[in-house]
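The values are calculated or read from the model by the stated rules, or taken from the named source; none is laboratory data. Nothing here was measured: the structure is a model prediction, and the numbers come from that model. Glycine gets a Cβ as well: all are built from the backbone with ideal geometry, and neighbour counts include every protein chain shown.
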Amino acid sequence: MEQFVVTTIRLSAPLIFAGLGGLFSVRAGIFHIGIEGLMLAGAFVTVGFGSAIGSVWLGIAGAIAVNLLLSYVYWLLIDRFKADMIITGLGLTTLCVGGSAFLMNALFNRRGSMTSAVRLPQPVVGPQEGILAYVSELSILAWLLPLFVFIVWLILRRSRLGLHIAAVGEYPYAAEAAGVDISRTKLIAMLITGLCCALAGAELSVGGLAAFSENMTNGRGFIALAAILFGSLEPIRTTLAGLFFGLANAVGINSQIYAGESNIPRQFILMIPFIATMIFVALRGVLSQRRISQGA
Amino acid sequence: MSRWIAAGIRIASPIAIAFALGFILFAATGYDIAEVVNGLWQGAIAAPGSLEQSVRWAIPLAIISFGIVITLRTGEFNIGAQGQILLGGFGAASVALLLPGWSPLLVIPLALLAGVIGGALWSAIAGVLKVWFNADEVINTLMLNFIAALLIQWVTTGPLKDDATRGETASTPRVADVFRLSDGTGVSLELIAIVVIAAALAWIIIERSPFGLKSKLVGSSPRVAAWQGLQIKRIHITTYLLTGAFAGLAGALEVLGPSARLVTGATPTLGFTAIVVAIVGMLRAPGALAAALFFGGLQAAILFLPIVSRLPSSGLRIIEGLVALLITAQFIWLRRRRNRRRQS
C-alpha cells in the first residue's frame, strides 16, 4: 500500500510539473502541443549536460536554458511569423525527439539510452523499515512538489501576471484595451512553460532512475496536456488530474505484476484516464455551450 | 503563373532552411556532409531497391494525407490519423484472419472495407464529440491515438495473438498470402492502382464535388457558410468520416501489403508525417501526392542511412521536425511582397 502511494507520486510528479507549466500557456490561449518535446529536451539536457559537467543542478540549469531558447523560438514562430500553433508544436516535439536521440549519439556515442552520472538527491535516505523505506525513493523535486503547486497557484490566481495571462487567453480584445501587451504576456507564459517542462524532464530522467533513453517521455507531455483540460485549466484541479493519471498508471503497472488476480486486461485500466478526459471535455463543452446560449 | 512561383517559393524555402540547419548541425557535430548527402541520395533513389522503398512509404503517406487535406480545408484539426491507421489495420486483419478459407476476391474487398470503416468510425468519435458536445478535437484525437494504441496492444497480445511471435513486439498471426496485395517490399501494381484511385477520389471530393466547395467555405468563413444555410454539422461529420476512411485504408493496406500482420507500435510517426505532407502539398490532392513522394523518399533514407553512413537516422527526424516547425510560418519578406502586390 505504501509502495503503491509512492509509485503514484513518482509517476505523477513529471505530469504535474509539465501540466502546471503548460497551464500558463494554455491559459494564455496557446494550445501548447510542444510540451512533449520540451519535457524530452529537459530530460536529455539534464542527463547529458549534468553528466558531462558532474553536477545535477548545473544539468537542470542547462535544461532550463535550452527550454527557454526553444520556447522563445516557438513564440517567435507563432506570434511574430503567424505560424500555426498545432503544426508548429508537433514540429517542435519531433525536433526534440530527433534532436535528443541524435545528440546522444553524436556527443556521447550512445544508441538507444545512456546512464546518467548524476541524479537528484533523495532527502530521506537509508533503507529503514516500514514507510520510510519507500518514501526514500522520492527525489527532492518530488518533495518540493507541494511548494511548486502553491507558487503556481499564487502566480496564476493571485498575481497581476496571472490576471494578465487569463485576460489574454479568455478575451484578448479586452486585455488589449486595458493596456496589456498581448505578445509579451504570451512570451512570458511560454517561457514559464519551458522552465517547468525542464523540471518535469529532470524529475523523469534523474528523479527515480538515472538514465535517458530515446523518446523516454513516451506521450507524457500529451497526457500532461490532457490533465490541464481535465483540470478545467485550474492549478489545483490540474494537480489532482495529474495525480489521477499517475494513479491509473500505477494501477496498470500493478495489475501487470499481480497478473491472474484480475481478469481485466492491463490496457483497459491504462485507457481509463484518456476516456475520462474525453468524457469530461465533452461535458464541459456542453455546459459552456449552454452558458453561452443563456447569456445571449 | 507568378502565383505558382510564389507558392513554390513559400513551400521550398522552409524545406531548404530545414535542410540547411540540419546540415549545419551535422557538420558541427563532426559528420561528413558529402557522406550524408550521398546517403540521402542512395537511400531515397540510387541504391538498388531504394526507389521501391521510397514508393513503399509514399503510398501510406499519400493516402493518409488526402484525408488530412480534407480535414484541414474544413478548418478541423483532426490529428488522430495515428489511431485511425491502427483501427483500419485492425479491421482488415480481423476480416483476413477470421475468413481464412474464403475466396480472395471476396475477402480482399471486405478487408479493405473493414479498414475504411474502422478508421472512419474511430475518427467519427472525435467528430461527434466536436459537433454535438463542442469538445476540442485536438485533445480528443490525441486521446483516441493513445486509446487506439492500447486497444491494438490488447488485441495483439490477447484475442488475435500470434503464439509464434517471440520478443518484445506483439503481433497478430500472418495474413494468408493469397489475401496480400504485395510482398514485403510494399510495392505492387495493385497497391499503386489503389493509390491512383484514392488520389482521383480525393481530387474529385476536394475540387469537383459540392461537398468540397461547401467544406472549403465552412473552413474559410464559417459565418458566411451559416448564413448560406449550409448544414455545417453534417459537413463536419462527413469530414471526420472521410479523414478516418483514408487513414483506415492506409492501415488496411499496411496489413494486406508490406507487413502482412497487425503489429503493436508499428509506424509510430506516419500519422504525423502525413500532416506535414498535406501542408507541403498546399492542401490539394496532386500536391499531397508529390509531397508524399518527397517524404516517402526521406522516410526511406531515414531507414537506409545508418547502413551507409555513421549518421544516426534520428538526424533526419530533426530535418522533418524543422520542416513542420517552419512550414506554416509566414516570413516577413514574403508577407511584405504580398502586401506590396496588393497595393499596386
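Overview of results
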| quantity | calculated |
| --- | --- |
| Matching residues in segment A:70-97 - criterion: being under 18 Å from A:A41 (Cβ atoms), within 7 Å of another protein chain (Cβ to nearest Cβ) and more than 19 Å from the chain's Cα centre (by Cα) | A:L77 |
| Test: residue in segment B:82-94 that is within 12 Å of chain A (Cβ to nearest Cβ) and assigned to a helix (DSSP H, G or I) | yes |
| Index of the failed condition, B:L150 passing every other in (1) assigned to a helix (DSSP H, G or I); (2) more than 9 Å from every other protein chain (Cβ to nearest Cβ) | (2) |
| Pair list, Cβ under 8 Å, 6 or more apart: segment B:305-331 residue within 7 Å of chain A (Cβ to nearest Cβ) and without any contact (Cβ under 8 Å) to a residue 12 or more places away in the chain, other residue of a type in the set (D, E, K, R) and surrounded by fewer than 22 Cβ atoms within 10 Å (Cβ to Cβ) | B:P312/A:R111; B:S314/A:E214; B:Q330/A:K82 |
| Segment A:10-34: number of residues that are surrounded by fewer than 24 Cβ atoms within 10 Å (Cβ to Cβ), touching a helix residue (DSSP H, G or I) at 6+ places or on another chain (Cβ under 6 Å) and closer than 21 Å to A:S205 by Cβ | 1 |
| All positions within segment B:9-31 that are free of Cβ contacts under 8 Å to residues at least 12 places away in the same chain and assigned to a loop (DSSP other than H, G, I, E, B) | B:T29, B:G30 |
| Residue ID - nearest to A:T94 (Cα to Cα), chosen from residues in segment B:243-284 that are assigned to a helix (DSSP H, G or I), among the β-branched types (V, I, T) and more than 13 Å from chain A (Cβ to nearest Cβ) | B:T243 |
| When residues of segment A:67-102 are limited to those that are assigned to a helix (DSSP H, G or I) and among the aromatic types (F, W, Y), the one surrounded by the fewest Cβ atoms within 10 Å (Cβ to Cβ) | A:Y72 |
| Qualifying residue in segment B:258-266 (condition: buried (at least 22 other Cβ atoms within 10 Å of the Cβ) and on the phi > 0 side of the Ramachandran plot) | yes |
| In segment B:132-144, residue farthest from the other protein chains (Cβ to nearest Cβ) [restricted to those that are in contact (Cβ under 8 Å) with a residue 24 or more places away in the chain and surrounded by fewer than 24 Cβ atoms within 10 Å (Cβ to Cβ)] | B:E137 |
| Total residues in segment B:33-88, condition among the small types (G, A, S) and out of contact with any helix residue (DSSP H, G or I) (no Cβ under 8 Å at 6 or more places or on another chain) | 3 |
| Unmet requirement for A:L247, which otherwise passes all of (1) modelled with pLDDT under 90; (2) outside any loop (DSSP other than H, G, I, E, B); (3) away from chain B (no Cβ under 14 Å) | (1) |
| Number of positions in segment A:35-52 that are away from chain B (no Cβ under 14 Å) and touching a helix residue (DSSP H, G or I) at 6+ places or on another chain (Cβ under 6 Å) | 8 |
